[in-house]
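First the structure, in the form of structure tokens, and then the observations on it.
Each value in this text was obtained by applying a stated rule to the coordinates, not by laboratory testing. A quick note: this is a predicted structure, and the numbers were derived from the prediction, not measured. Here the Cβ positions follow ideal geometry from the backbone for every residue, glycine too, while neighbour counts run over all protein chains shown.
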């Protein structure tokens, strides 16, 4: 298929996979969303990725210059072998090589939360700022950092894992092997599990049902979101104090319950943001397309967001 230049983009999450076509100005031209297969093996997840990308590409004619991917971590960067904690079907899965073979274009892969951060810094709530933390609060909890206007990758490419900041040393075990990590407290399934342990009951025990119950006044459901939001606020205050940030932008599935989550995030943040430069940081919700925009920006704004040595 020929047409104007553009980029393919893929956002791989624990509950959904989004494929998109992104223009050279960072605009999303078309997109397609499919549920993430769970417990059906690595190839089923890969097939869902291919389907989402093909569905998005079928809606428009472009000449793809590259394929940018956001995926949960940890991962081997920049080789693109992924082992997402929120996707147990993939362990050292060679995602970059498989996608490159499938679509015959250059592929670059980074953490999904880093891609959200890039998208928000380029086009969203962090635009025009030099120091930004982006977060995904969903099936897992991840993050990415722009400092002094440039993406921070770290020694292994995994910088920004705010989900593994400890917010409760005596708290629940985390899938990373630690205890009391933000992810162990605030990831969607953990929030639902805590509510169930406190006596909440629902025919469909999932995040959407918990949010509906909270909006209807269920006290356990409301307490679950408050506990989650407070933990996020504590972690955010800690990271802002370390990095002197101007804004924190939160996306992911749980952010769709922002009316329930954000008041508790603000409460936890303000209680622990004692230093003046910390409490001046803004906390915002991310846009719905930031992940795929940021994935495409691994190519379209590579001087700023990708190490040109790779």
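Normalising the average separation of contacting C-alpha pairs (under 8 angstrom, six or more residues apart) by the number of residues puts the relative contact order of the chain at 19 percent.
Annotation for residue 27 and residue 270: the two label points, set 7 Å from Cα along the Cα-Cβ direction, are 4.0 nm apart. Label positions at residue 129 and residue 219, each projected 7 Å from the Cα along the C-beta direction, are separated by 3.7 nm. Over the stretch 125-285, what is the percentage of antiparallel beta bridges among all DSSP beta bridges, to the nearest 5? Taking every DSSP beta bridge within the stretch 125-285, about 55 percent pair in antiparallel fashion.
The DSSP beta bridges internal to the stretch 42-130 are antiparallel in roughly 45% of cases. When peptides 85-96, 203-214 are sorted by average Cβ neighbour count within 10 Å, with the highest value leading, the order is 85-96, 203-214. Secondary structure note: in the chain, about 55% of the DSSP beta bridges are antiparallel.
Scoring 237-248, 181-192 by mean Cβ neighbours within 10 Å over their residues and listing the highest first yields 181-192, 237-248. Per-residue extension of 0.36 nm, minus the Cα-Cα distance of residue 280 and residue 58, leaves a gain of 75.4 nm for this segment. In degrees, nearest 10, range 0 to 90: what is the angle between the Cα axis of helix 112-123 and the longest Cα principal axis of the chain? Taking Cα atoms only, the helix is inclined about 80 degrees.
Compared with the dominant principal axis of the Cα atoms in the chain, helix 42-57 is inclined by about 70°. For log10 I(q)/I(0) by the Debye sum over Cα atoms at q = 0.10, 0.12, 0.16 Å⁻¹, computed directly from the structure shown, the correct entry in (i) -0.52, -0.75, -1.29; (ii) -0.61, -0.90, -1.52; (iii) -0.62, -0.85, -1.32 is (i). For the pair the stretch 242-310 / the stretch 98-141, the C-alpha centres are spaced 11 Å from each other.
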